[in-house]
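Written below as structure tokens is the structure these notes are about.
The values are calculated or read from the model by the stated rules, or taken from the named source; none is laboratory data. Quantities reported herein were computed from a predicted structural model and do not represent experimental measurements. We work out accessible area using only protein heavy atoms, side chains counted, and drop any ligands, DNA or RNA first. Shrake-Rupley method; radii C 1.70, N 1.55, O 1.52, S 1.80 Å.
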Amino acid sequence: MALRDLPSTVGSDWQLLPCRRSRIMTINVLWLGGTGWGRGGDGISETFAKHLDPKRFAFGFIEYPATYGAGQSYGDSRAAGRRALRAAIKSSPGPIVIGGYSQGAGIAGDIAADIGHSMSRVRACALIADPMRMPGAGMPGVMPASGFGISGPRAIGGVPTFWAAAEGDPITALPAGNPLRSIADFTKFMAIDDPVAAHRWGAELVKDAIHGRWQRWWSWENVRSWNGAIAYARGYVVDGRHTNDYVLHGHCQRLAECINREVS
């Protein structure tokens, strides 16, 4: 069973890996790539897909903007991704696994949290480098990474959810008191392409401040973590903690094998 006849709101460029014919019902894996990979093609997502059982799973990318301030803000890109994933879930036949990498993981995790127990067709959620990973979240039999997502923790109940998180990746395994958390808080609606977008960014910052939505990394209880910003920034920019580590250290493969075992 392939993913077909999906609405135009999802995007027309679905990349499906072949699923061998079997008497077992195919489980469709609806996946969102990371920032800059709105049509798929990033090595992390493709490595995960390669290790899924091809007799049981049909993997497909969902098209969405996947931007971070260039042309469209991160917040607006996430909103578009949520709409696309909801449309794909509605149109996809049979049982489903949802998931994504980085920005895509944040979107898929939000949808899983919203669904809760209301949609039994969504059998599981698989998240790589989730920017809203809860402390201690991971997968069975694997030591979870320390810290939690740079955007703050998001609980998911009702949908079995499994996380791949590389130690030292500031997007998904950042200490509570690390100053890099301000980046997530301040740039959610960053867009400077035109005056209207820039004004909205400023307005959203003020709104978040008024409603107390900024993460309090500067609390005195987190003082021991303050000096780690440079090391975590280097891990992101230079050392490949958010990219290469997921392939080289087997995180993608272990998550796919977890889905193979846990989802039926």
Problem - Segment K50-S146, extension gain: residue separation times 0.36 nm, minus the distance between their alpha carbons - result: 31.8 nm
Completion exercise
Classified through the alpha carbon gyration tensor (a ≥ b ≥ c as square roots of its eigenvalues; rounded if a/c is under 1.5, else prolate when a/b is larger than b/c, else oblate), the range 30-177 comes out rounded
Exercise for the section: Return the carbon/sulfur percentage of the accessible area of the range 75-163, one whole number, probe 1.4 Å, all protein chains in place. Expected result: 57
Completion exercise
HN-Hα couplings for the range 126-141 via Karplus (6.51, -1.76, 1.60; θ = phi - 60°), in whole Hz with x for Gly/Pro, come out as 10, 10, 10, 6, 5, x, 10, 5, 6, x, x, 6, x, 9, x, x
Exercise for the section: At 0.36 nm per residue, minus the direct Cα-Cα distance, what do S118 and A79 gain on full extension? Give it in nm, one decimal, please. Expected result: 12.0 nm
Completion exercise
Long-range amide H partners of E63, meaning residues 5 or more apart or on another chain whose placed amide H is closer than 5 Å, are none
Fill in the blank from the handout: Interchain or sequence-distant (5+) residues whose placed amide H lies within less than 5 Å of the amide H of M139 are W163
Handout entry: Whether the range 29-100 is rounded, prolate or oblate, judged on the alpha carbon gyration tensor where a/c under 1.5 counts as rounded
Key = oblate
